[in-house]
1. Grab the helices (runs of 4 or more DSSP H) fully contained in region C:190-287, keeping just those with 1 or more residues being of a type in the set (Ser, Thr, Tyr).
2. Could you list, in sequence order, the residues of region C:211-222 that are out of contact with any helix residue (DSSP H, G or I) (no Cβ under 8 Å at 6 or more places or on another chain) and either more than 23 Å from residue A:117 (Cα to Cα) or more than 9 Å from chain A (Cβ to nearest Cβ) (or both)?
3. If a residue must be away from chain C (no Cβ under 12 Å), farther than 24 Å from residue B:431 by Cα and touching a residue at least 24 places away in the same chain (Cβ under 8 Å), how many such residues does region B:9-48 contain?
4. Hey, can you tell me all the residues within region C:138-169 that are farther than 11 Å from residue B:18 by Cβ, of a type in the set (A, V, I, L, M) and facing chain B (nearest Cβ under 10 Å)?
5. Condition first: away from ligand 2 (no atom under 16 Å from the Cβ), open to solvent by 60 Å² or more (accessible area, probe 1.4 Å), over 26 Å from residue A:163 (Cα atoms) and touching a helix residue (DSSP H, G or I) at 6+ places or on another chain (Cβ under 8 Å). Can you find one or more residues in region A:82-92 that meet it?
6. Is it the case, given these coordinates, that residue C:174 is in contact (Cβ under 8 Å) with a residue 24 or more places away in the chain, in a helix (DSSP H, G or I) and more than 14 Å from chain B (Cβ to nearest Cβ)?
7. Taking the stated definitions as given, is residue B:297 out of contact with any helix residue (DSSP H, G or I) (no Cβ under 8 Å at 6 or more places or on another chain) and more than 14 Å from every other protein chain (Cβ to nearest Cβ)?
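The values are calculated or read from the model by the stated rules, or taken from the named source; none is laboratory data. Keep in mind the model is a prediction, meaning the values are calculated, not measured. For neighbour counting, all protein chains shown are included, and Cβ atoms are generated from backbone atoms with ideal geometry for every residue, glycine included. For accessibility, only protein heavy atoms count, side chains too; no ligands or nucleic acids. Shrake-Rupley method; radii C 1.70, N 1.55, O 1.52, S 1.80 Å.
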Amino acid sequence: MALLEVKNLKVYFPIMGGVIRHKVGEVKAVDDVSFTIEAGETVGLVGESGSGKTTVGRAVLRLLEPTAGEIRFDGCDITNASHHELRPLRKQMQMVFQDPFGSLNPRMTIASIVGEALKIHFVQMDRNARRDRIAELLRRVGLKPEHMNRYPHEFSGGQRQRIGIARALAVEPKFIVCDEPVSALDVSVQAAIINLMQDLQEQYRLTYLFIAHDLAVVEHISDRVLVMTQGKIVEAASAEDIYSRPQHAYTQKLIAAVPKAF
Amino acid sequence: MTAYIIRRLLSVIPITLGVLLLVFLIYRVIGGDPAARLAGKNATPAKIEQIRKTFGYDKPKFFGFWVQKFFRAQPGAGLGVVPVSGQTVWEFCLNLCSFRLAVVSASGQTGWNFKPAQGATRLAVALPDFDARQRYRMEFRVEAPQGCSLRVLLAHPGAKPENQPIILEKSLSNNARTFVTADIAPTVDLDAADGGTAQVTVEITGGEATVSALQVWRAQSNPFDSQFWQIVSQFAQLNFGKSLQSNQRISRMMADGVVPSLCITTPIFVIEFVVAVALALLCAYYRNTWLDRTFVVISIVGMSVSGLVYIMLGQYFFSFELGWFPVWGFEGINYVLLPVVIGVVASIGGSLRFYRTIMLDEMYQDYVRTAFAKGASQRQVLFKHVLKNALIPILTNVVVAIPFLYTGSLMLESFFGIPGLGRMTVDAIYTGDEPVLFAMVFIGSVVFVIANLITDLCYTWADPRIRLQ
Amino acid sequence: MTDTAANPAALAAKPQTLWSTAWRQFRRNRLAVVCLGIVAIYVAVFFYAESVYWIARIRDVVPSYKVTDFAGRDAHPSAAHWLGTDFAGHDNVAQLIQGVRIAFEIAILTSAILIPLGFLLGALAGYFGRWVDTAIIWLYSVVDSVPSILSIISISYVVGRGMKGIVIGMGLVVWVGLCRLIRGEYLKHKQRAYVVAARSLGAGHLAVMLRHIAPNVLHIVIITFTLTFPRFILTEVILSYLGVGITGEPSWGVMINDAKQRLWLGVWWELGGATAAMFFLVLALNIVGDALRDALDPKLKTAERPAA
Ligand SMILES: Nc1ncnc2c1ncn2[C@@H]1O[C@H](COP(=O)(O)OP(=O)(O)OP(=O)(O)O)[C@@H](O)[C@H]1O
Ligand SMILES: [Mg+2]
């Protein structure tokens, strides 16, 4: 059984306007998208800026209300689950964010950022156990445990992304949506983060939905690739097929844009 | 764009209604019984009742089927009457939340306690101007020990004592506190004798009891015949009522007061604006030099002195000690000069600092840097770019100040005896002339709402970016 | 691996909170530090005055600043009474000191109304948007449409003379500025990814609003408090003049209004003393407030036209 099944997902954002600020139109951010992700695999999701990738990622985790469609996670339908019903599932699915600066609360220490998840989902854990767990997580993502009382603004972009990964890992999830985790980083740092994510995937048997706006990043890590443009998935194939036999004109364009050095 | 303008125009309606509601809440609800406030400290219940009737304060506040009815508690056989002063917080909240917003007891307080001494079990309530064709309702709370029973009787003028209809009979069970409602239905056979004073008697047998929060209401047929809607319809016809002090029409008084007020506030407004903007430009031109800093210090120092002190010292030195200006009155140009100077001095600090902040904000915008990089001179940049772009925030500030033209300067006018709106307001506060205050606050707000509307419409015309919002 | 994750040299020796950074920034402004010192002195005087008041109250005696001495009334400044005495022989310096107490009490009590009110409404409007936002915007537009001095006077008038009227009047009117600022900040912050991250961990709306976003906007409360404090003091003077101010206690407004008649007899020190006591506190607070804003949030638009 697939870990995640998405059927005919639509997410429309209303455009307000007119005299009494009623709905005068809608942005079809995600328009009839279907795909599945098997446990343990990495699915890449590529598309240009504004094509609706983040929206798909967030809708799948039910951080946005889908307009229509069906989302099944681990066999259960979460399309209309309430905040309360979703709570146990939040432990199994997590997200790593695009912007390493905005995704960490500037007024919280690293320990409380990573520890938040533990406080919510491991209620029985006491203070010391939590500290040890945070230290272990930080070590695991390549940070020093003694930095846990620091604030995010003291870290570099790559380090912050590692903190974000530690936060996602804290609940021991099965599935992580990685929303362009490296696109805001230097190329050299990008490789390090991607390697880390691959290591973690092997160690914890994670399933990834890996979002990126260029094929080069995705190709390296994904088993299958979905190509998205203007809210629709135009091509879905294995990573090799996408490269060797691109079907859709848009995919061909994306490939042409990849620098030859890769 | 058109949609925006229409929306902006329409938004005036809910805001104006809201303002009216707010002022209404302040004067009719927050402060407790307005009739008691108007009547003063040692007023008799009858006086309060009369005020309540004259101003319609006995009607429901927003909506309701009952009008507050006046009653007088008569200490009957051995009954001691203990008035409870003030409202408790809880009762106040109840008054706010419940539908029966009209509930305020006749004494201007929420309750009276009737504590029967030994053996005494009767409480008589007098209802003046009783109309037997109307429905009445009486409500009160009883605290009594177990086994007591309660009877409510109506005695009508003209009727014999043995002919008293029993309105309510009730045995009080174990509750410590019971809320009793007695409906006094029309008694047709008695209608020959209306206009007199009826008497309702509460009889408790079987123990000592306390009756509190006793209120009497009369039914009214139109539930919207209420204080708020009365004001809405009156104000819609531009009828603001009459002053309690002079018995003049308030609209008349306002029309008379506008001119003296404008004579003071317009020059202050114009001079202050010109001087403050000129100084702010100077500060922007010489930014971060000693000149700029001196002005900043002066303006903060100026802002830190109470306006009242400027007026007192100014009047004392220039009018009294030196005798350059008249102290009091409004008879010629020289009566206006000193107030204007004081007004400008007192408010220029804040304005200067405000305009300077705006200009410096503009100064550090990218386009200004670009202009400098292209070799434009300080002066060119200042006048061509900064002033032009700072115009919008400056305009806002100016428009926001316009209502103060109307409300006048409260203190200046009352110190120098200028018969404007400001002094009218101050006098109304001193004498407790609530209709005048109500109207002043409301009209002041409406002027603001309109001024604000005009600015926003000017923006749309001046700055295309705003249309997209 | 060129990632600096493992490189401890990239971090400063001690953890730096944003507060400590702001404090360093603040300290660079010499004038503001001096003014902070002045405010600290006033705070000390406030505690002293409060103790004088409470000791007298607990012992159930007339406090020293209220003991009338009609023989020594209207005295000129002397060694015993630095600023002379008033019409009932009260020492003016002692009264000024009590004035500090009243000013602080007003500021603290008013803030106790306006900060929760402004913060909560602003947070709800900014965070939830939609009809909640529309309703709250309507509410504050309405309150804001009434010229603030008129609405404060009206509320103080109907509530009745004294501290309660002043506090309720100002508290129910002045929250609008704070509410606007907080709403704007919440609008900004709810878009940030850290809020989505907190939601994705299963945090509820209340937790996100109060535990995650609130610390990020708390500095606005501090700046607003410092910058509205002077406004409370200056408004109290006007309310006292209009006869809806403090009664029975020597507030600065009461003193200035009492000094009004005697000024014409050439008694300037009473007015001068009260004005100076007010002046230094208001000035210091204005400068500290500005410096705080520059240190904590330079882009914050707190500039408001001082009304009436
Ligand atoms: N909350 C929202 N309200 C209205 N429109 C939105 C909202 N969020 C996203 N959109 C619109 O939906 C479309 C898809 O946005 P999305 O963020 O999913 O793109 P993306 O593929 O992630 O782009 P990027 O690579 O820049 O992150 C865009 O046109 C965007 O403007
Ligand atoms: Mg995105």
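1. On the way: elements: C:193-200, C:214-241, C:252-263.
So the answer is C:193-200, C:214-241.
2. C:218
3. From region B:9-48, those away from chain C (no Cβ under 12 Å) are B:9-10, B:35, B:39-40, B:42-48; that's our starting set.
Now restrict to residues that are farther than 24 Å from residue B:431 by Cα: B:9-10.
Now narrow it down to the ones that are touching a residue at least 24 places away in the same chain (Cβ under 8 Å): B:9.
Counting residues in region B:9-48 that are away from chain C (no Cβ under 12 Å), farther than 24 Å from residue B:431 by Cα and touching a residue at least 24 places away in the same chain (Cβ under 8 Å) gives 1.
4. First pass over region C:138-169, keeping only residues farther than 11 Å from residue B:18 by Cβ: C:147-169.
Of the ones still in play, those that are also of a type in the set (A, V, I, L, M) are C:149-150, C:152-153, C:155, C:158-159, C:163, C:166-168.
C:149, C:150, C:153, C:155, C:158, C:159, C:168, listed by residue number.
5. no
6. yes
7. Details: out of contact with any helix residue (DSSP H, G or I) (no Cβ under 8 Å at 6 or more places or on another chain): yes; more than 14 Å from every other protein chain (Cβ to nearest Cβ): no.
For residue B:297, the condition - out of contact with any helix residue (DSSP H, G or I) (no Cβ under 8 Å at 6 or more places or on another chain) and more than 14 Å from every other protein chain (Cβ to nearest Cβ) - is not met.
Yes or no, residue by residue, for (1) in contact with a helix residue (DSSP H, G or I) (Cβ under 7 Å, 6 or more places away or on another chain); (2) farther than 15 Å from residue B:26 by Cβ; (3) surrounded by fewer than 20 Cβ atoms within 10 Å (Cβ to Cβ):
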residue: C:138; (1), (2), (3): yes, yes, yes
residue: C:142; (1), (2), (3): yes, no, no
residue: C:146; (1), (2), (3): yes, no, no
residue: C:161; (1), (2), (3): no, yes, yes
residue: C:165; (1), (2), (3): yes, no, no
residue: C:173; (1), (2), (3): yes, no, no
residue: C:182; (1), (2), (3): yes, yes, no
residue: C:185; (1), (2), (3): yes, yes, no
residue: C:198; (1), (2), (3): yes, yes, no
